[in-house]
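Contents: one structure, followed by commentary.
The values are calculated or read from the model by the stated rules, or taken from the named source; none is laboratory data. Just so it is clear, the model here is predicted, and its values are computed rather than measured. Here the Cβ positions follow ideal geometry from the backbone for every residue, glycine too, while neighbour counts run over all protein chains shown. The area values use the complete protein model at the heavy-atom level, side chains included, leaving out ligands, DNA and RNA. Shrake-Rupley method; radii C 1.70, N 1.55, O 1.52, S 1.80 Å.
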Amino acid sequence: MSEFPEFQNLLNRTPEERDQEFQRHGRLKHLIFGSQLTTELLDRLCRSADMIRRLARDREGNAELRNLLPNRRAMLYFTQPSTRTFLSFMAACQILGITCNEVRDPKMSSEVKRESRTDSVRMFSSYFDVIIMRSQMANLAEVCAYMMNDLEGTDRRSVPIINAGAGSDEHPTQALLDMYTILRTFDFDESSMSRPSRLGSLQKEYPDLTTGAANKVYAFCGDIKRGRTVRSLATVLSQYRNVTMYFITPPHDQLRIDDDLRSLLETAGVTVKEFESLDEVDDGQPILEKIDCLYMTRIQREHNSDATEAEIASIDLSPFKLSVERVAKMKSFAPILHPFPRDSIVGEIPTEIDSDPRAMYFRQARNGMWARAALLVHLFDVNEALMDAHVRLFPAAVRSASSPSRR
Ligand code: NCD
């Protein structure tokens with residue numbers, strides 16, 4: 001029996017039909033699924049993130065940014081643990097002048113008095129202008145977005161919903177910041193006005209290398225099935241041409257890629273390959289030498305039943321951990337990403353890797369702040385004002401800011 005019987009008909013529709021509910025006039029109304037992040041929208045959001053990042057470097061730019069949304073209020077409704085997503089959204093709001101409030105412990109809200117979660121969210125919408133929410137319930141953000149649509153349909157107050165992590169299903173804003181990091185890395189400074197492009201010299205070693213997310217081998221290592229960040233990012237990456245994905249997982253059904261993600265990716269034209277160690281070989285060559293971008297993840301123990309815990313505890317995890325020797329085999333430009341937190345006991349990425357130039361995970365986390373600020377700019381439709389501020393302060397940079405697609 002569903003937890004939301006009144007929304008069941010809507011939840012039963014195809015992914016494409018559900019995506020459509022969250023768009024308006026070619027723009028996002030709510031962000032619920034990774035599949036809403038089209039390549040065109042990603043290009044726009046990445047350009048905004050670049051402008052915000054640049055403006056935030058000086059005092060005048062910061063003042064301009066704080067003036068973009070000074071009368072807006074955000075509710076951060078996070079009933080699951082979070083460090084980076086919560087704080088980077090809060091920082092993004094602060095950059096743009098948005099005031100934040102939070103509910104993190106439902107025991108301190110009227111949910112202890114048996115108020116439904118949907119009533120809670122409707123109440124938040126009375127006081128706030130956007131609701132950013134994380135829940136262990138896979139459908140809650142989606143259902144709340146339908147509720148907002150219904151309210152709008154009857155001319156009542158309705159605000160955007162941002163899914164900041166839903167069960168083990170989706171984490172679209174993590175996919176957004178992952179894509180911002182990937183596209184920045186695979187730009188190889190081509191659109192930088194201050195640094196020379198690195199593409200030419202890299203092509204001497206890797207003749208097939210191109211800019212952008214297309215024509216690449218992406219590897220995901222660790223807990224795939226229960227990793228919502230992997231599901232959202234892989235869905236977004238499947239839109240690009242000539243993409244191969246390696247899924248490197250310990251041999252357990254709770255960790256391996258599940259059939260629905262695999263078939264979604266294959267239908268989109270992705271070549272999917274599975275491995276049980278970072279040291280395996282594909283077509284005669286070690287996979288570590290073929291990977292263009294490596295996405296590490298932790299084993300999400302909190303999802304384990306007692307039986308699974310015992311089974312997974314008996315698996316040797318060393319083939320799924322990075323080491324200096326393994327990283328040395330990777331391409332010189334290949335970024336190492338991790339959504340974090342990394343597991344300090346398992347050590348899937350030991351700290352000695354942190355100083356390697358390919359270790360991008362701390363920059364990736366910082367990119368979350370810029371990418372989430374860009375998303376808020378889009379949802380509140382103040383992109384023009386952002387561009388105006390950017391042109392005023394950096395007239396010389398307009399050319400790079402308006403350069404098209406990094407695909
Ligand atoms: C992830 C999450 O919560 O899904 N963390 C994050 O948001 N950066 C990944 C995880 O918990 O392992």
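Numbers at a glance
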{"read-out": "Low-density loop positions, GluC sites (Glu not before Pro), segment 86-130 - DSSP coil, at most 14 other Cβ in 10 Å", "value": "Glu115"}
{"read-out": "1.4 Å probe accessible area per residue over segment 66-154, in Å²", "value": "46"}
{"read-out": "Peptides 341-353, 67-79, 231-243 ordered by average Cβ neighbours within 10 Å, highest first", "value": "231-243, 67-79, 341-353"}
{"read-out": "Amide H within-cut-off set for Tyr295, under 5 Å, with H built and near neighbours excluded", "value": "Ala219, Phe220, Cys221, Leu337"}
{"read-out": "Amide H partners (placed H, <5 Å) of Ala359, local residues excluded", "value": "Ile336"}
{"read-out": "Segment 149-228: C-alpha gyration tensor shape, a/c 1.5 cut-off, then a/b vs b/c", "value": "oblate"}
{"read-out": "Accessible surface, per residue, of segment 174-365 when the full set of protein chains is kept, probe 1.4 Å, Å²", "value": "42"}
{"read-out": "Alpha carbon centroid spacing (whole Å) that separates segment 1-44 from segment 114-135", "value": "19"}
{"read-out": "Fraction of antiparallel bridges per DSSP, segment 174-365 only, in percent to nearest 5", "value": "10"}
{"read-out": "Simple spin-label estimate for Arg366 and Arg241 in nanometres, 7 Å along Cα-Cβ", "value": "3.4"}
{"read-out": "Fraction of accessible area attributable to carbon and sulfur, the chain (%, probe 1.4 Å)", "value": "47"}
{"read-out": "Residue-averaged 222 nm ellipticity for the chain, from DSSP H runs of 4+ at -39500 (n - 2.57), nearest 500", "value": "-11500 deg cm²/dmol"}
{"read-out": "Total charge dipole magnitude, the chain, about the Cα centre, Cβ charges on Lys, Arg, Asp, Glu only, Debye to nearest 20", "value": "1580"}
{"read-out": "Gyration tensor (alpha-carbon) shape descriptor, the chain, a/c threshold 1.5", "value": "oblate"}
{"read-out": "Relative contact order of the chain, defined on C-alpha pairs under 8 angstrom at six or more residues apart (%)", "value": "19"}
{"read-out": "Geometric extent, Cα atoms of segment 174-365 - Rg, Dmax (angstrom)", "value": "16.3, 56"}
{"read-out": "Antiparallel bridges, percent of DSSP beta bridges restricted to the chain (to nearest 5)", "value": "15"}
{"read-out": "Charge-dipole axis of the chain as Lys and Arg at +1 and Asp and Glu at -1 on Cβ define it, positive-most pick from Leu11, Ser125, Ala91", "value": "Ala91"}
{"read-out": "Average Cα contact separation per residue, segment 174-365, under 8 Å, 6 or more apart, as relative contact order %", "value": "21"}
{"read-out": "Note, ³J(HN,Hα) from phi for segment 309-324, Karplus 6.51, -1.76, 1.60, rounded to Hz, x at Gly and Pro", "value": "4, 5, 5, 5, 4, 8, 7, 6, 8, 4, x, 10, 10, 7, 9, 4"}
{"read-out": "Sorted peptide list for 5-12, 166-173, criterion being average Cβ within 10 angstrom, highest first", "value": "166-173, 5-12"}
{"read-out": "Inter-part distance where segment 181-244 and segment 296-374 are each reduced to a Cα centre, Å", "value": "18"}
{"read-out": "Anisotropy class of segment 1-142 from Cα gyration tensor, a/c 1.5 cut", "value": "oblate"}
